[in-house]
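The values are calculated or read from the model by the stated rules, or taken from the named source; none is laboratory data. Every value quoted in this text rests on a predicted model; they were computed, and no experiment measured them. Heads up, the Cβs are rebuilt from the backbone with ideal geometry, glycines too, and the neighbour counts pull from every protein chain shown. We work out accessible area using only protein heavy atoms, side chains counted, and drop any ligands, DNA or RNA first. Shrake-Rupley method; radii C 1.70, N 1.55, O 1.52, S 1.80 Å.
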Amino acid sequence: MQPKITIGILSSKKIDFVLNGDYRCNNNLYAAAQSVELQSGKIAFKGQLYHELLFSASEEVSFDLLDVVIGIGFHWERKENQRFEGDLKFIVEDDKITAINVLPLENYLLSVISSEMSATSSLELLKAHAVISRSWLLAQLEAKNKCSTLQMTSVSFPVQEKNIEPEFIKWYDKDDHANFDVCADDHCQRYQGISKASTSFVRDAIAATKGEVLVYEGEICDARFSKCCGGVAELFENCWEPEHHAYLLGVEDQANAGLATAAMNEAQATNFIHEPDTAHFCNTTEAKVLTQVLNDYDQETPDFYRWKVSYTQTELAELIARKSDIDFGGIVDLIPIERGVSGRLIKLKIVGTKHTLTIGKELEIRKCLSESHLYSAAFTVEKVGEENGLPQEFILYGAGWGHGVGLCQIGAAVMAEKGYYAKEILLHYFRNASIERIY
């Protein structure tokens with residue numbers, strides 16, 4: 001039997017919502033526009049204070065949440081009004097009210113694969129993504145139930161011993177949310193309720209794969225995915241905790257692909273990024289394919305397979321100081337220290353006139369070198385000009401969009417367009433795994 005799951009949608013001091021039908025709460029029926037507000041550490045609703053509230057419906061009705069923030073921390077961050085099915089729960093956490101949607105897993109997936117990509121995508125791509133999204137969620141719940149104390153979401157190792165250069169190595173994973181299973185934003189999986197039109201293709205994809213998951217040695221796979229690997233998938237342990245998964249490997253994103261098993265050196269990374277291979281599935285500019293994966297605001301990002309970002313000395317010094325809370329002074333150099341099999345940086349040394357620090361892993365590097373998140377950590381650095389010993393411009397040439405582990409969404413869309421079936425797409429990206437139906 002499929003489980004019910006809880007999704008954290010929105011946290012705020014005050015939440016406005018609309019019940020599009022009769023919902024029951026504390027033995028009373030409510031409909032139409034409503035509001036809850038934080039007062040004295042509790043939820044104020046209709047003149048009463050509560051620790052939590054649950055609005056449930058016995059029939060298929062929906063509710064709207066107003067001003068839901070999406071793309072948190074990314075350059076497309078904005079607010080939307082979104083519509084959801086299922087129950088609506090309010091709790092208090094971190095001095096705010098959190099709105100939580102409660103519904104069956106398969107209903108959740110109807111929205112996820114329409115939110116992560118276009119609901120008009122090809123059926124085989126949607127089927128593949130349904131299996132991945134289901135696998136990832138169930139793997140997180142399984143790990144949480146086994147031993148939540150081991151689910152560390154970020155770890156840092158600042159080294160400050162004498163004669164050892166300091167390092168700050170941190171990774172970010174899907175938080176083991178204390179009060180709900182997953183959140184609704186890119187941090188977990190995009191979930192925007194029924195706001196994103198779910199087509200017959202989406203419903204067919206969910207129905208055709210109901211209960212199907214990726215499995216390796218009897219356990220559900222922690223199935224990861226990103227927008228664009230840039231040509232080669234990255235190893236799990238190079239982005240997150242140092243745990244090797246035999247189904248998350250350095251897959252080359254092309255037909256008859258081999259596996260990249262060794263970390264790229266600087267010469268290899270430079271050649272890989274600056275002379276891209278036209279055989280890579282995700283090296284495409286075909287609008288028909290891209291619109292399947294890139295939803296409206298994703299299409300505001302024109303470059304993803306290969307990209308370029310430049311900063312003046314002043315811009316970079318100010319940005320790094322603000323994002324790291326460290327005054328490096330002028331930036332003398334950005335030195336790659338360690339790369340993964342996809343060319344993504346695991347460690348980067350920032351050399352300043354006042355301070356030197358090696359940072360990692362990939363997302364920490366991306367956060368430090370961008371107002372939101374650099375497209376990926378697979379980049380080379382070109383220094384231009386010099387004044388008083390300082391480069392006057394830093395140009396980053398990069399590959400890919402996201403961490404690059406697991407399925408490459410754009411590559412998978414190309415595969416589907418070329419006639420590959422969902423199973424072939426899945427087993428291309430998740431080597432050594434199998435597909436099983438568990439309910």
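Values computed for the structure shown
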{"read-out": "Rounded percent of accessible protein surface that carbon and sulfur make up, segment 211-330, 1.4 Å probe", "value": "48 percent"}
{"read-out": "Sequence ranges 370-380, 40-50, 83-93, ranked by mean other-Cβ count within 10 angstrom, highest first", "value": "370-380, 83-93, 40-50"}
{"read-out": "Segment 371-410: equivalent-ellipsoid semi-axes (sqrt of 5 x gyration tensor eigenvalues, Cα, Å)", "value": "30, 9, 6"}
{"read-out": "Per-bin percent of Cα-Cα distances, segment 211-294 [10 Å]", "value": "14, 40, 35, 11, 0"}
{"read-out": "In Hz, Karplus ³J(HN,Hα) per residue of segment 224-233 (6.51, -1.76, 1.60; θ = phi - 60°; x = Gly, Pro)", "value": "9, 7, 8, 4, 8, 6, x, x, 9, 6"}
{"read-out": "Over segment 196-247 - Rg/Rh using Cα atoms and the Kirkwood inverse-distance radius", "value": "1.08"}
{"read-out": "Most positive-pole-ward Cα, Ser12, Gln292, Ala317, against dipole of the chain from beta carbon charges", "value": "Ser12"}
{"read-out": "As computed over the chain, the Cα convex hull volume per residue (Å³)", "value": "159 Å³"}
{"read-out": "Peptides ranked, highest mean first, by Cβ atoms within 10 Å: ranges 382-388, 244-250, 13-19", "value": "244-250, 13-19, 382-388"}
{"read-out": "Segment 372-439: C-alpha gyration tensor shape, a/c 1.5 cut-off, then a/b vs b/c", "value": "prolate"}
{"read-out": "Student exercise, the chain dipole from Lys, Arg, Asp, Glu Cβ charges, in Debye to nearest 20", "value": "600 debye"}
{"read-out": "Only Lys, Arg (+1) and Asp, Glu (-1) charged, at Cβ; segment 254-357 dipole about Cα centre in debye", "value": "300 debye"}
{"read-out": "Three-way shape label, segment 14-81, alpha-carbon gyration tensor, a/c 1.5", "value": "oblate"}
{"read-out": "FRET efficiency for Leu54 and Ile169, using Cβ-Cβ distance with R0 set to 60 Å, rounded to 0.05", "value": "0.90"}
{"read-out": "For segment 299-389, diffusion coefficient by Stokes-Einstein and Kirkwood Rh (Cα), 37 °C, 0.692 mPa s, µm²/s", "value": "240 µm²/s"}
{"read-out": "Those lysines that a straight Cα-Cα span of less than 16 Å connects to Lys210, excepting residues fewer than 8 apart in one chain", "value": "Lys4, Lys127, Lys423"}
